[in-house]
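Below: one structure, written as structure tokens.
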Amino acid sequence: MNQDLVFMEMALQQAEKAAALGEVPIGAVIIGPDNRLLAEGFNQTIYRNDPTAHAEIVALRHAASALGNYRLTDCTLYVSLEPCAMCMGAILHSRLKRVVFAASDAKTGACGSVISLQSEPKLNHHCVVTQGVMAEAAATMLRNFFKAKRLAKRGC
């Protein structure tokens with residue numbers, strides 16, 4: 001569990017990078033089987049004009065490149081918000097062993113909030129999901145981001 005806190009803190013630091021660009025503050029890191037940082041990512045959908053540039057996808061691309069293989073078996077993804085269906089599809093295709101997320105997403109969460117793709121019996125790969133690690137810190141970051149956006153929109 002201590003390692004989960006350390007790695008989730010790294011994901012939250014990535015989320016801060018997204019917020020600094022005006023992106024929804026979601027960050028991700030991928031840790032290899034030797035507990036070595038393989039990749040980092042943060043939301044960049046607006047910056048890149050790319051609807052697939054979610055933190056998880058950015059990190060998956062970097063990790064696959066670092067390993068020279070799209071299969072990330074025995075790796076763990078830490079992400080500040082519950083992955084959506086698109087990201088879970090990529091996570092399952094990459095064969096990640098484990099996903100750890102902070103805050104749940106009641107609107108698009110695909111690890112239990114809306115749907116549970118990680119354990120869908122019809123799919124050929126499954127991964128272990130741990131939820132709620134540093135959930136309040138991630139949720140607070142998201143709330144503050146959207147509150148600031150609403151205030152800016154009103155001209156406050």
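The values are calculated or read from the model by the stated rules, or taken from the named source; none is laboratory data. Since this is a predicted model, take the numbers as computed values, not measurements. Heads up, the Cβs are rebuilt from the backbone with ideal geometry, glycines too, and the neighbour counts pull from every protein chain shown. SASA here: full protein model, heavy atoms, side chains in, ligands and nucleic acids out. Shrake-Rupley method; radii C 1.70, N 1.55, O 1.52, S 1.80 Å.
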Next item on the list: Could you please let me know if ALA64 is out of contact with any Ser or Thr (no Cβ under 6 Å at 6 or more places or on another chain) and buried (at least 23 other Cβ atoms within 10 Å of the Cβ)?
Entry: no
Item checked: Lone qualifier among ALA59, ALA28, ALA20 - being over 18 Å from CYS84 (Cβ atoms) and modelled with pLDDT of 95 or more -> ALA20
Checklist line | Residue list for region 19-34, filter: assigned to a loop (DSSP other than H, G, I, E, B), open to solvent by 80 Å² or more (accessible area, probe 1.4 Å) and farther than 14 Å from VAL99 by Cα | finding: LEU21, ASP34
Next item on the list: Specify the residue that is farthest from ASN2 (Cα to Cα); the eligible residues are those in region 142-151 that are out of contact with any strand residue (DSSP E or B) (no Cβ under 7 Å at 6 or more places or on another chain) and open to solvent by less than 70 Å² (accessible area, probe 1.4 Å).
Entry: LEU151
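For every residue, the table says whether it meets (1) within 24 Å of THR140 (Cα to Cα); (2) surrounded by 14 or more Cβ atoms within 10 Å (Cβ to Cβ); (3) in contact (Cβ under 8 Å) with a residue 60 or more places away in the chain; (4) within 13 Å of the chain's Cα centre (by Cα).
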position	(1), (2), (3), (4)
GLN3	yes, no, no, no
MET10	yes, yes, yes, yes
GLN13	yes, yes, no, yes
LYS17	yes, yes, no, no
GLN44	yes, yes, no, yes
ASN49	no, no, no, no
TYR70	no, yes, no, no
Notebook entry, point to check: Do you know which of the residues in region 36-61 that are in contact with a strand residue (DSSP E or B) (Cβ under 9 Å, 6 or more places away or on another chain) and either in a loop (DSSP other than H, G, I, E, B) or among the polar types (S, T, N, Q) (or both) is nearest to ILE91 (Cα to Cα)?
Noted result: HIS54
Checklist line | Residue tally, condition touching a helix residue (DSSP H, G or I) at 6+ places or on another chain (Cβ under 7 Å) and either in a helix (DSSP H, G or I) or open to solvent by 10 Å² or more (accessible area, probe 1.4 Å) (or both), over region 79-88 | finding: 4
Check: Any chance region 90-101 includes a residue that's of a type in the set (Phe, Trp, Tyr), crowded, with 16+ Cβ neighbours inside 10 Å and either in contact with a strand residue (DSSP E or B) (Cβ under 9 Å, 6 or more places away or on another chain) or more than 22 Å from THR52 (Cβ to Cβ) (or both)?
Finding: yes
Next item on the list: Could you list all residues from region 101-123 that are part of a strand (DSSP E or B) and in contact with a helix residue (DSSP H, G or I) (Cβ under 7 Å, 6 or more places away or on another chain)?
Entry: ALA102, ALA103, CYS111
